[in-house]
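Before any comments, here is the structure.
The values are calculated or read from the model by the stated rules, or taken from the named source; none is laboratory data. The model shown is predicted, which means the values in this text are computed figures rather than measured ones. Heads up, the Cβs are rebuilt from the backbone with ideal geometry, glycines too, and the neighbour counts pull from every protein chain shown. To get the accessible areas, we keep the full protein, side chains included, count just its heavy atoms, and leave off ligands, DNA and RNA. Shrake-Rupley method; radii C 1.70, N 1.55, O 1.52, S 1.80 Å.
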Amino acid sequence: MSPANLMKFCSACGHPVEFRIPPGDQLPRHICTQCGTIHYHNPRIIAGCVPEAADGRILMCRRAIEPRLGYWTFPAGFLELGETSAQGAARETLEESQAEVEVDDLFAVIAVPYVSQVYMLHRGRMKGVHHGVTSESSETQLMREDEIPWKEIAFATIYHGLKFFFEDRARGLRGFHEMNLTARAPSRERSEVS
Ligand SMILES: [Zn+2]
């Protein structure tokens, strides 16, 4: 969807908006023709975590909802207002898998500018052994690396996140990875390890 089509009416007063560059700005914005409110639209943050069980397996969820219904992911979802990325990742994990996690450090930030999304992915540790299906997941399963269904992963961001996670762990490192995904091909901007 082009930015111009994101809004038709002012969310403050209900009158039509127009799409033009406000004085002193660089980009066109939705500006109310009645009350003058300038509405800004910015990228959305998706927070997630790779929940690791005590035996090293990680918790994967089969999506029960569109998009990508039936495909696998680790828990991740849109950050809510007022949350940190770690709080969002813990909440999403509970909502998608019933599992309680201790959310650890950030290991990847993956930008997807063509859909205006930024993924913030954390390592996480399961607090217990419990997990199970929810309204968002038709199946939840602890998997070893060689059990990951790589051809059935829901999103490219999740695929690359899993690769980073396992590569770092195999080397005994807690790395940090920055990546930009374009519609054509991923570009790996920067990886750090500590
Ligand atoms: Zn208005």
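By the gyration tensor of its Cα atoms, with a ≥ b ≥ c the square roots of the eigenvalues, what is the shape of region 102-172: rounded for a/c under 1.5, prolate for a/b over b/c, or oblate? Rounded. Distances between placed amide hydrogens fall under 5 Å for Cys10 paired with His15, Val17, all partners being 5 or more residues away or on another chain. Using only Cα atoms, find the angle between the long axis of helix 156-170 and the longest principal axis of the chain, and express it within 0 to 90 degrees, rounded to the nearest 10. Tilt of helix 156-170: around 40 degrees.
Which of these, Glu18, Glu167, Glu92, has the largest mean-square fluctuation under a Gaussian network model of the chain (Cα springs below 10 Å)? So, out of Glu18, Glu167, Glu92, the one fluctuating most is Glu18. Between amide H atoms placed 1.01 Å from N, distances below 5 Å from Glu83 occur with no residue 5 or more places distant or on a separate chain. Taken about its Cα centre, the chain carries a charge dipole of roughly 520 debye when the Cβ of each Lys and Arg holds +1 and the Cβ of each Asp and Glu holds -1. When the residues Glu66, Glu145 are ordered by accessible surface, computed with a 1.4 Å probe over the protein chains alone, the sequence from largest down reads Glu66, Glu145. As a fraction of the 1.4 Å probe accessible area of the chain, surface on carbon and sulfur atoms comes out at 53 percent. Comparing Arg62, Arg144, Arg44 in a Gaussian network model of the chain where C-alpha atoms under 10 Å apart are linked, the largest mean-square fluctuation is found at Arg144. In this structure, the amide hydrogen of Val101, modeled 1.01 Å from its nitrogen in the peptide plane, lies closer than 5 angstrom to those of Lys127, counting only residues at least 5 positions away or on a different chain. In plain terms, the chain from Glu152 to Arg171 could stretch by 4.3 nm, reckoned as 0.36 nm per residue minus the Cα-Cα distance.
Phi angles across region 29-45 convert, under the Karplus curve 6.51 cos²θ - 1.76 cosθ + 1.60 with θ = phi - 60°, into 3J(HN,Hα) values of 10, 7, 10, 5, 6, 9, 9, x, 4, 9, 9, 9, 10, 10, x, 9, 9 Hz, Gly and Pro given as x.
In this view, the solvent-accessible surface of Ile21, computed with a 1.4 Å probe and all protein chains in place, comes to about 90 Å².
Partners of Lys127 within straight-line reach, counting lysines whose Cα lies under 24 Å from its Cα and excluding those fewer than 8 residues away in the same chain: Lys163. When the P(r) of the chain is calculated, the portion above 22 Å amounts to 53% of the C-alpha pairs. With all protein chains kept in place, the per residue accessible area of region 66-110 amounts to 46 square angstrom at a probe of 1.4 angstrom.
In the chain, the longest principal axis of the Cα atoms and the axis of helix 85-97 are about 70 degrees apart.
Return the single residue from Asp104, Asp25, Asp168 with maximal mean-square fluctuation; model: Gaussian network over the chain, springs between Cα atoms under 10 Å. Evaluated over the chain, the most mobile residue of the options is Asp25.
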